[in-house]
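Chemist: Could you have a look at this structure, given as structure tokens, before my questions?
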Amino acid sequence: MATHQFLSDDWFAVVERLVEDLGPEAPAGADVVMNLVVTETPFGAERHLHAGARAGRAHWGIGHAPDADLTVTTDYDTARDLLLAGDPQAALGAFMGGKIKIQGDLAKLLAMQVDGAPAGAFALAEAIQGITA
């Protein structure tokens, strides 16, 4: 399978198909959407995206969601590490080191960690890692 640069338009297109095929479900209690601002990208500009869940369905894509609960700002390398590795300890370390800035409802973000991943999440994460250059 072809690989695509993290956060490129091609990467988003392939990930969108993967989400629909492998993991559009979210934990029943998950109700949080976050906007992400990724700085210092190789594309010459910030990338804006959103991710989370509403009504038991994954909710993500390019651009900011108008009803987001919080906004997370980080640099490209940190975003890549966090989004592809999914390591909560790495996220905490990046936050404590000032590499992640959060505005909004932090309690909702923490609750999302407690709810756990839906059944298809691990296959989806593996597939996204496989298409990412």
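The values are calculated or read from the model by the stated rules, or taken from the named source; none is laboratory data. Note that the structure is predicted; figures quoted are calculated from it, not measured. A quick note on method: Cβ atoms are made from the backbone with ideal geometry, for glycine too, and the neighbour counts reach across all protein chains shown.
Chemist: Consider the range 53-63. How many of its residues are on the phi < 0 side of the Ramachandran plot and either without any contact (Cβ under 8 Å) to a residue 12 or more places away in the chain or assigned to a strand (DSSP E or B) (or both)? Show your work before the answer.
Modeler: Residues of the range 53-63 that are on the phi < 0 side of the Ramachandran plot, as a first pass: 53-54, 57-60, 62.
Remaining after also requiring either without any contact (Cβ under 8 Å) to a residue 12 or more places away in the chain or assigned to a strand (DSSP E or B) (or both): 53-54, 57-58, 62.
Residues flagged as on the phi < 0 side of the Ramachandran plot and either without any contact (Cβ under 8 Å) to a residue 12 or more places away in the chain or assigned to a strand (DSSP E or B) (or both) within the range 53-63 amount to 5.
Chemist: Shifting gears a bit: Answer yes or no: is there a residue in the range 105-117 that is at pLDDT 85 or above, in contact with an Asp or Glu (Cβ under 8 Å, 6 or more places away or on another chain) and over 19 Å from Thr3 (Cα atoms).
Modeler: Yes, some residue in the range 105-117 is at pLDDT 85 or above, in contact with an Asp or Glu (Cβ under 8 Å, 6 or more places away or on another chain) and over 19 Å from Thr3 (Cα atoms).
Chemist: Looking at the range 77-97, I want the residues that are over 19 Å from Trp60 (Cβ atoms) and at pLDDT below 90 and have a partner that is of a type in the set (S, T, N, Q) and surrounded by 13 or more Cβ atoms within 10 Å (Cβ to Cβ) with Cβ atoms under 6 Å, at least 6 apart or on another chain. Which pairs are those?
Modeler: Pairs that qualify, where the first residue is over 19 Å from Trp60 (Cβ atoms) and at pLDDT below 90 and the partner is of a type in the set (S, T, N, Q) and surrounded by 13 or more Cβ atoms within 10 Å (Cβ to Cβ), are Ala94/Thr78.
Okay, residues lined up against (1) part of a strand (DSSP E or B); (2) hydrophobic (A, V, I, L, M, F, W, C); (3) out of contact with any strand residue (DSSP E or B) (no Cβ under 9 Å at 6 or more places or on another chain); (4) exposed (fewer than 13 other Cβ atoms within 10 Å of the Cβ):
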{"site": "Leu7", "(1), (2), (3), (4)": "no, yes, no, no"}
{"site": "Val33", "(1), (2), (3), (4)": "yes, yes, no, no"}
{"site": "Thr41", "(1), (2), (3), (4)": "no, no, no, no"}
{"site": "Ala51", "(1), (2), (3), (4)": "yes, yes, no, no"}
{"site": "Thr71", "(1), (2), (3), (4)": "yes, no, no, no"}
{"site": "Leu82", "(1), (2), (3), (4)": "no, yes, no, no"}
{"site": "Ala90", "(1), (2), (3), (4)": "no, yes, yes, no"}
{"site": "Ile102", "(1), (2), (3), (4)": "yes, yes, no, no"}
